[in-house]
Amino acid sequence: NLKRTDAKCIAVLVKGITNPFFSNMIQIIEEETQRSKYALVLRHVEPHEDEVDVALELEKEKRLRGIVFLGGRFAHSEEKLDKLNVPFIFSTIGVNRSDRIGKAEFSNIAVDDKLESKKMTEYLLELGHRQIAIIAEKPEEPIGLLRVEGYKEAYADRGLEVPQGMIRYVQDDIEYYSMENGYITARKLLESEAGAKVTAIYATSDSLAIGACRAVLEAGKRIPEDISVAGYDGIQMGEYYNPKITTMKQPVEEMARKTIGLLLDVIKGRQEHQQIIFPAELTVRESTGKAKG
């Protein structure tokens with residue numbers, strides 16, 4: 001089938017394919033691609049791989065018409081991006097991008113991760129929490145970097161210092177946005193000196209938050225009475241977990257439809273590349289409450 005249709009082929013490169021956040025996006029992109037009579041090549045990018053290098057290899061193997069990058073980095077060299085010969089879109093990678101790097105023009109679709117992360121931290125601060133731990137990707141990764149910056153800015157705007165030991169980065173030897181990583185990272189936090197002071201944990205994905213909840217409960221703490229837990233993304237699992245996870249909900253369906261729709265329009269010459277920022281929505285559920293005292 002690919003041999004017959006590779007002249008109309010779209011590649012989707014996913015970094016973090018086990019993250020449930022991407023599942024709905026991939027499904028929608030696949031449906032819209034097929035509806036437009038294009039074939040879809042789905043490629044999982046390992047944490048240690050560079051997604052643009054992977055895309056360049058795919059270009060050699062398939063007669064691609066366009067590329068979607070889901071997850072990954074925004075720090076790619078001008079020289080490398082210039083080598084891509086088909087339209088491409090960075091989706092859900094953050095907003096620290098210009099619309100042109102050298103000769104490489106591309107689209108970028110995302111929420112403002114720094115701003116929305118700041119809003120989540122502000123919400124927890126308004127509940128009276130001051131010892132808020134954040135669980136995030138290592139700072140070399142764009143989403144982790146932006147969401148930690150937003151967290152820090154929320155503290156700074158109130159004239160507060162980020163408490164020592166409260167910024168926690170996930171393990172880099174397993175999938176970043178996994179429940180396992182959230183559990184391991186939160187457990188290490190709660191076993192540390194800083195962990196005795198924690199009143200809230202803000203995990204930068206719902207999967208991490210669900211893992212963190214297990215660590216909190218295993219430590220003999222109640223959610224949210226002893227420790228509030230908040231996430232980010234708005235995946236369906238968080239709504240059905242007990243307790244339901246407070247989250248910063250991204251408009252997944254709209255972002256996915258815009259991503260593939262814009263790419264197809266650029267391929268057909270109907271639109272120019274665009275930089276689009278979607279708003280996220282603070283969704284308060286059962287896992288957060290007022291700080292004690």
### Message
Checking residue 57 against (1) among the acidic types (Asp, Glu); (2) modelled with pLDDT under 90; (3) farther than 27 Å from residue 178 by Cα: exactly one of these is not met. Which one?
### Response
(2)
### Query
For residue 64, all conditions in the list (1) farther than 30 Å from residue 149 by Cα; (2) at pLDDT 95 or above; (3) surrounded by 22 or more Cβ atoms within 10 Å (Cβ to Cβ) hold save one; what is the number of the exception?
(2)
### Query
Picking from 48, 76, 44, which residue would you name as being modelled with pLDDT under 95, open to solvent by 70 Å² or more (accessible area, probe 1.4 Å) and under 21 Å from residue 177 (Cβ atoms)?
48
### Summary
So the helices (runs of 4 or more DSSP H) completely within the stretch 198-283 holding 1 or more residues that are over 15 Å from residue 182 (Cα atoms) and hydrophobic (A, V, I, L, M, F, W, C) are 252-267
### Task
Could you please find all residues in the stretch 151-170 being surrounded by 15 or more Cβ atoms within 10 Å (Cβ to Cβ), in a loop (DSSP other than H, G, I, E, B) and at negative phi?
162, 163, 166, 170
### Message
If I ask for residues that are in contact with a helix residue (DSSP H, G or I) (Cβ under 9 Å, 6 or more places away or on another chain), among the acidic types (Asp, Glu) and within 25 Å of residue 12 (Cα to Cα), which ones from the stretch 216-262 would you list?
### Response
233, 253
### Message
For the stretch 117-143, give me each residue that is modelled with pLDDT of 95 or more and touching a helix residue (DSSP H, G or I) at 6+ places or on another chain (Cβ under 7 Å).
### Response
117, 118, 121, 122, 125, 132, 133, 134, 135, 136
### Task
Identify the single condition in (1) closer than 30 Å to residue 49 by Cβ; (2) in contact (Cβ under 8 Å) with a residue 40 or more places away in the chain; (3) among the small types (Gly, Ala, Ser) that residue 150 does not satisfy, given that it satisfies every other one.
(2)
### Message
So, residue 289, is that one under 22 Å from residue 31 (Cα atoms) and at pLDDT 95 or above or not?
### Response
no
### residue 185 vs. criteria hydroxyl-bearing (Ser, Thr, Tyr), in a loop (DSSP other than H, G, I, E, B), under 26 Å from residue 112 (Cα atoms) and touching a residue at least 12 places away in the same chain (Cβ under 8 Å)
no
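The values are calculated or read from the model by the stated rules, or taken from the named source; none is laboratory data. Keep in mind that what you see is a predicted model, and the values were worked out from it rather than measured. Note that each Cβ is placed from the backbone with ideal geometry, even for glycine, and that neighbours are counted across all protein chains shown. Heavy atoms of the whole protein, side chains included, go into the accessibility calculation; ligands, DNA and RNA do not. Shrake-Rupley method; radii C 1.70, N 1.55, O 1.52, S 1.80 Å.
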